[in-house]
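Here the structure is laid out as structure tokens; the discussion comes afterwards.
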Amino acid sequence: MASSTNPSPTPALLPPPSGSYVVPECPETRAIELSLVLPTFKEAQNIKPALRAVCNTLSQVESLTYEVIVVDDNSPDGTADLALELSNTIPGIRVIRRTRESGLATAVIRGWQAARGEILAVMDADLQHPPEVLGQLVQAIRGGADLAIGSRHVEEGGVSDWSILRRIVSRTAQMIGLVLLPDVVGRVSDPMSGYFMLKRRTIAGKPLNPTGYKILIEILGRGAIGAIVEVGYVFRERQEGSSKISTRIYLQYLQHLLRLRVDLLAQSPFIRFCLVGATGYLVDMLLLYLLSDPQALGFGLTRGKIASAEAAIVNNFLWNDAWTFARLVGRERSLRKKFRRFLKFNAICALGLVLSVVLLNIQFNWFGINRYLANTVAIVVTMLWNYTLNKRLGWRTTG
Ligand code: GDD
Ligand code: MN
């Protein structure tokens with residue numbers, strides 16, 4: 001178990017220019033299994049007993065190598081110095097002091113960025129999270145879970161003496177999260193938990209961008225999280241110091257939820273496919289007008305539609321290849337491969353085109369529906385068809 005101290009901010013800890021934080025892959029040495037981050041702000045009375053209790057528990061976990069990283073935001077009460085002092089007698093304690101950034105969630109990621117373990121973890125430094133649960137969390141991860149959460153809302157879990165008001169606020173926050181991000185917040189019983197462990201590879205290399213307190217929601221939203229285990233624990237009352245939760249933190253929670261919602265939507269291939277489809281729609285409609293409208297060139301409806309649809313297909317391919325399916329394209333960027341993807345896309349869309357022409361003609365000739373309205377209906381149906389088929393058959397041309 002290595003111990004190192006790091007009392008001053010290193011250049012690597014300056015705020016990232018892009019606004020998001022990336023946790024690197026595990027260092028090659030693999031000397032440490034667990035890196036536990038304790039974020040602190042004004043915990044002078046708690047930090048030493050908390051560190052002692054944590055290290056005591058961790059050293060009893062079978063064959064565990066670990067480090068405990070205190071990430072302090074330059075607390076005026078000297079929390080970081082106290083932690084540093086203790087690191088001289090207890091091995092495995094590291095201290096990071098941030099001076100240019102603050103906030104619980106980003107402090108945790110900063111700790112993980114400096115971490116060397118394959119398991120990343122976080123717990124509060126105020127003794128409200130009982131250290132005894134650490135062993136169970138480690139076992140859950142060793143047993144195959146990607147994420148192991150200390151939960152107040154499963155068996156053996158609970159809160160000590162919370163007022164009705166605090167319970168209502170906590171549950172309401174969870175409900176709002178459920179409405180906005182059901183697939184994220186709904187995956188666990190206690191998405192508000194600040195006590196958990198995860199495998200580093202689930203987040204390594206992925207840009208994280210949390211604000212406020214709820215780092216777990218960020219992990220669930222942006223990490224590649226498979227199996228999850230929840231371990232019950234009772235949230236103890238604070239004995240010393242005070243909670244830093246405030247109205248601002250609640251507002252940051254809402255902001256965080258909205259940001260995640262928008263980002264996740266924008267990343268969804270289906271939404272991107274639809275946005276690209278919208279540009280294709282404009283291309284298709286404009287050309288259909290120029291080619292087939294009696295007031296323009298006045299070619300036949302079918303001939304005009306085939307040309308306008310093909311132009312839209314080329315347009316859509318270029319955008320989808322560069323954006324919607326960029327991740328699937330990966331390194332296959334050569335022109336030859338791109339052209340093969342284009343042929344495949346075109347083949348799929350050719351079927352869609354037949355469908356589109358038939359639908360357009362049926363509406364226009366049999367029911368006398370306006371050609372542009374009929375074309376809109378035809379395009380929407382075709383787009384769903386195209387999306388499904390492209391997804392099924394895959395964007396790549398090689399295995
Ligand atoms: N570095 C840093 N920067 N640490 C902070 C900051 C900050 O701006 N704000 C708070 N902390 C530290 C505290 O010192 C403590 O160790 C921990 O983060 C939790 O902060 P509290 O202020 O005690 O939060 P709480 O008790 O109201 O809520 C906690 O427990 C909940 C239940 O598990 C948080 O961890 C919540 O996220 C969690 O849901
Ligand atoms: Mn607390």
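The values are calculated or read from the model by the stated rules, or taken from the named source; none is laboratory data. The shown structure was predicted, so the numbers you read here are calculated from the model rather than taken from an experiment. Don't worry about glycine lacking a Cβ; one is built from the backbone with ideal geometry, like all the others, and counts go over all protein chains shown. When the accessible area is computed, the model is the full protein with side chains, heavy atoms only, and any ligands, DNA or RNA have been set aside. Shrake-Rupley method; radii C 1.70, N 1.55, O 1.52, S 1.80 Å.
Among A322, I69, I90, which residue has its Cα positioned farthest towards the positive end of the charge dipole of the chain, with +1 placed on the Cβ of Lys and Arg, -1 on the Cβ of Asp and Glu, and the dipole taken about the Cα centre?
A322
Of K42/K199; K199/K391; K206/K391; K214/K391, which ones are farther than 26 Å apart at the Cα?
On the way: K42/K199 29 Å; K199/K391 29 Å; K206/K391 24 Å; K214/K391 34 Å.
Check vs 26 Å cut-off fails for K42/K199; K199/K391; K214/K391.
Along the charge dipole of region 156-279, pointing to its positive end and built from +1/-1 on Cβ of Lys, Arg, Asp and Glu, which listed residue (I249, P210, I176) has its Cα farthest out?
Sorting the options by dipole projection puts first P210.
I'd like the accessible area for T65, computed on protein heavy atoms only with a 1.4 Å probe and all protein chains in place. Round to 10 Å², please.
Approximately 50 Å² of T65 is accessible to the 1.4 Å probe.
Once amide H atoms are built 1.01 Å from N in the peptide plane, which residues 5 or more positions from V71, or in another chain, come under 5 Å H to H?
For V71, the qualifying residues are L38, T40, I96.
In what order, largest first, do K214, K391, K305 sit by accessible area if the probe radius is 1.4 Å? Write down the numbers at each step before the final one.
Values: K214 40, K391 130, K305 0 Å².
So, going from the largest accessible area down, we get K391, K214, K305.
Rounded to the nearest whole Å², what accessible area per residue is found for the chain with the 1.4 Å probe?
Working: 18960 Å² over 399 residues.
Normalised by residue count, the accessible surface of the chain is 48 Å².
Per residue of region 206-212, in order, report the coupling 6.51 cos²θ - 1.76 cosθ + 1.60 (Karplus, θ = phi - 60°) as ³J(HN,Hα) in whole Hz, putting x for Gly and Pro.
Using θ = phi - 60°, the values come out as 9, x, 10, 8, x, 9, x Hz.
Taking θ = phi - 60°, what integer Hz values does the Karplus form 6.51 cos²θ - 1.76 cosθ + 1.60 yield along region 124-137, in sequence order, with x for Gly and Pro?
Each residue's phi maps through the Karplus curve to give 5, 9, 10, 6, 7, 9, x, x, 4, 6, 3, x, 5, 5 Hz.
Specify the inter-centroid distance of region 301-370 and region 208-223, based on alpha-carbon positions, in whole Å.
One Cα centre to the other: 38 Å.
How much mean residue ellipticity at 222 nm does the chain get from its helices, if each DSSP H run of length 4 or more adds -39500 (n - 2.57) and you divide by all residues, to the nearest 500 deg cm²/dmol?
Numbers: 13 runs with 189 residues, N = 399.
It lands at -15500 deg cm²/dmol.
In nm, to one decimal, how far is the E28 label point from the R100 one, both placed 7 Å along Cα→Cβ?
Each label point lies 7 Å from its Cα, and together they span 3.0 nm.
Can you give the Rg/Rh ratio of the chain, where Rg is from the C-alpha atoms and Rh is the Kirkwood radius?
Working: Rg = 27.5 Å, Rh = 24.3 Å.
On the Cα set of the chain, Rg over Rh gives 1.13.
Using a 1.4 Å probe, how large is the accessible area of D81, given in Å² and rounded to the nearest 10?
80 Å²
So how do H129, H153 rank on accessible area, 1.4 Å probe, biggest first, that is with the largest at the start?
Details: H129 5, H153 60 Å².
Sorted descending by solvent-accessible area, the residues read H153, H129.
Can you list the aspartates and glutamates whose alpha carbon sits under 15 Å from that of K48, skipping same-chain ones fewer than 8 residues off?
List returned: D72, D77, D81, E85, D124, D126, E240.
Please calculate the 1.4 Å probe accessible area of E132, with all protein chains present, and give it to the nearest 10 Å².
The accessible area comes out at roughly 110 Å².
Karplus couplings for region 315-332 from phi (6.51 cos²θ - 1.76 cosθ + 1.60, θ = phi - 60°), rounded to Hz, Gly and Pro as x?
So the Karplus estimates, Gly and Pro as x, are 4, 5, 4, 4, 5, 5, 5, 7, 10, 3, 10, 3, 5, 6, 5, x, 8, 6 Hz.
Enumerate the amide H contacts of V231 below 5 Å, restricted to partners 5 or more residues apart or on another chain; note that Pro and chain-start residues carry no placed amide H.
So V231 has HN proximity to I149, G150, S151.
What size of dipole, in debye to the nearest 20, comes out for region 269-393 about its Cα centre when the only charges are +1 on Lys and Arg C-beta atoms and -1 on Asp and Glu C-beta atoms? Present the calculation step by step, with values, prior to reporting the outcome.
Details: 15 positive and 5 negative charges, 160 e Å.
So the dipole magnitude of region 269-393 works out to roughly 760 debye.
Rounded to the nearest 20 debye, what is the charge dipole size of region 11-266 about its Cα centre when +1 sits on each Lys and Arg Cβ and -1 on each Asp and Glu Cβ?
Numbers: 28 positive and 27 negative charges, 133 e Å.
So the dipole magnitude of region 11-266 works out to roughly 640 debye.
If I compute solvent accessible area with a 1.4 Å probe over the protein chains, what percent of it on region 11-266 is carbon and sulfur?
On the way: 5930 of 10800 Å².
Here it works out to 55 percent.
Please name whichever of L359, F270, G304 sits farthest to the positive end of the charge dipole of region 269-393, dipole taken about the Cα centre and charges placed at Cβ: Lys and Arg +1, Asp and Glu -1.
Projecting each Cα onto the dipole axis, the largest value belongs to F270.
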